[in-house]
């Protein structure tokens with residue numbers, strides 16, 4: 001079994017991480033999961049949460065708002081809707097993320113009220129963002 005796996009985290013703005021990782025904690029839509037070297041192939045959607053990467057130079061955390069993770073045994077790739085290194089997260093940046101989720105919910109309620117699944121998804125996104133803020137010690141107020 002390999003000791004590390006190539007890990008890449010990409011947001012629309014930039015490549016945030018590209019390291020040989022021992023393990024990666026992923027906030028999957030169906031629950032948190034830990035990916036290790038030689039993990040079975042898998043693609044999953046992400047919910048807002050913390051991606052934690054353990055590498056030779058220590059652990060690093062990233063805040064993500066959603067996206068996709070692809071695991072193929074030799075590499076783990078995360079394509080995040082928005083991502084920021086945990087140490088770079090500010091109250092203003094978190095507030096902007098919550099405001100975006102709030103606007104998405106308002107738009108869904110206004111334009112797609114006849115499609116409860118879309119409204120439910122937007123409601124869950126906002127709830128997940130608020131829970132993320134509680135987890136990292138930032139309030140959405």
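Some notes on this structure:
- Here 78, 71, 43 are screened, and the one residue that is in contact (Cβ under 8 Å) with a residue 60 or more places away in the chain and not assigned by TED's automatic domain parsing to the domain that holds residue 127 is 78.
- Some residue of region 81-100 being assigned by TED's automatic domain parsing to the domain that holds residue 132, farther than 23 Å from residue 137 by Cα and surrounded by 13 or more Cβ atoms within 10 Å (Cβ to Cβ): no
The values are calculated or read from the model by the stated rules, or taken from the named source; none is laboratory data. Everything numeric here is computed off the predicted structure, so don't read it as measured data. So basically every Cβ, Gly included, is an ideal-geometry build from the backbone, and we count neighbours across all protein chains shown.
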